[in-house]
Amino acid sequence: MQFRARAGSSRRLRPRTSEDVRPLVLTSTRGADYVRAMDPLSWARDLAEQLLAEPLPRRWAHSQGVGRRAESLVDVLGDDAELLAAAAWVHDVGYAPGLGKTGMHHLDGARYLRDVAGADPRICSLVAHHTCACIEARNRGLQAELEAEFPPVGDLLDDALTYCDITTTPDGELTGAEDRLDEVLERYGEGTVVFDTVTEASPLILEAVGRISALIDARR
């Protein structure tokens with residue numbers, strides 16, 4: 001596969017003032033009660049912004065794109081649409097400074113969401129397993145921990161989050177799945193765990209994208 005850059009512009013969220021951005025759940029003292037008191041989707045957007053926007057602006061741009069992509073799947077997912085969208089916004093929080101413990105952002109993010117943010121267990125599991133994380137977990141010797149702590153939510157939601165992640169560029173723009181896989185392979189390079197994982201997982205990822213694409217087409 002050849003890497004092909006995609007041009008275009010992504011829609012940005014409304015700029016926020018200091019009054020808009022309130023401190024979020026960074027310690028366990030406010031955890032689950034705070035999450036339950038808020039709209040899950042607003043909570044997920046704000047938490048991802050707090051953790052990623054300043055230290056990792058490109059990761060934040062990607063998260064915005066994935067979140068918006070997930071929000072567009074309401075006709076496909078029905079009652080599960082909000083759950084999927086919330087998971088999409090926070091799927092990469094494991095990259096945030098201070099959260100990386102294992103070297104695997106899926107697991108680090110899911111543990112933070114569970115232990116600190118008090119998130120819905122289904123959101124934690126979606127984050128833990130997104131985009132064939134089980135293969136990376138096996139390659140890192142973390143498969144037993146992943147499976148014991150975060151049971152998969154289900155095929156449709158797992159497919160949908162994979163679809164949103166793999167059709168969004170690092171800059172938050174829409175892209176084709178094969179182009180995105182090319183970009184990841186080129187960025188990490190041969191000999192890395194991510195390169196080996198994506199190489200192995202690519203057929204499964206493309207199948208997941210194909211299943212969601214077929215559902216989208218059927219509803220047009």
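The values are calculated or read from the model by the stated rules, or taken from the named source; none is laboratory data. Keep in mind the model is a prediction, meaning the values are calculated, not measured. A quick note on method: Cβ atoms are made from the backbone with ideal geometry, for glycine too, and the neighbour counts reach across all protein chains shown. Heavy atoms of the whole protein, side chains included, go into the accessibility calculation; ligands, DNA and RNA do not. Shrake-Rupley method; radii C 1.70, N 1.55, O 1.52, S 1.80 Å.
Things to note:
- Listed by position, the helices (runs of 4 or more DSSP H) contained in region 130-188 that have at least 3 residues being touching a Lys or Arg at 6+ places or on another chain (Cβ under 7 Å) and not acidic (Asp, Glu) form an empty set.
- Leading residue by the ranking (nearest to residue 60 (Cα to Cα)) among those in region 94-111 that are assigned to a helix (DSSP H, G or I) and open to solvent by less than 20 Å² (accessible area, probe 1.4 Å): 94
- Under the condition of being basic (Lys, Arg) and either open to solvent by 80 Å² or more (accessible area, probe 1.4 Å) or in contact (Cβ under 8 Å) with a residue 60 or more places away in the chain (or both), the residues counted in region 174-217 number 2.
- The residue that is nearest to the chain's Cα centre (by Cα), counting only those in region 75-93 that are surrounded by fewer than 24 Cβ atoms within 10 Å (Cβ to Cβ) and over 12 Å from residue 157 (Cα atoms), is 92.
- Selection status of residue 69, of a type outside the set (A, V, I, L, M, F, W, C), within 15 Å of the chain's Cα centre (by Cα) and surrounded by fewer than 18 Cβ atoms within 10 Å (Cβ to Cβ): no
- Applying a threshold of 7 Å to beta carbon distances and a minimum spacing of six or more residues, or different chains, the list of pairs starting in region 74-102 at a residue that is free of Cβ contacts under 8 Å to residues at least 24 places away in the same chain and ending at one that is of a type in the set (Gly, Ala, Ser) and in a helix (DSSP H, G or I) reads 74/81; 100/94.
- Among residues of region 45-72 that are closer than 21 Å to residue 83 by Cβ and in contact (Cβ under 8 Å) with a residue 60 or more places away in the chain, those with a Cβ under 8 angstrom from a residue that is of a type in the set (Asp, Glu) and part of a helix (DSSP H, G or I), sequence gap 6+ or separate chain, pair up as 66/165.
- Single condition residue 220 does not satisfy, out of (1) open to solvent by 50 Å² or more (accessible area, probe 1.4 Å); (2) within 20 Å of residue 71 (Cα to Cα); (3) free of Cβ contacts under 8 Å to residues at least 40 places away in the same chain; (4) in a helix (DSSP H, G or I): (4)
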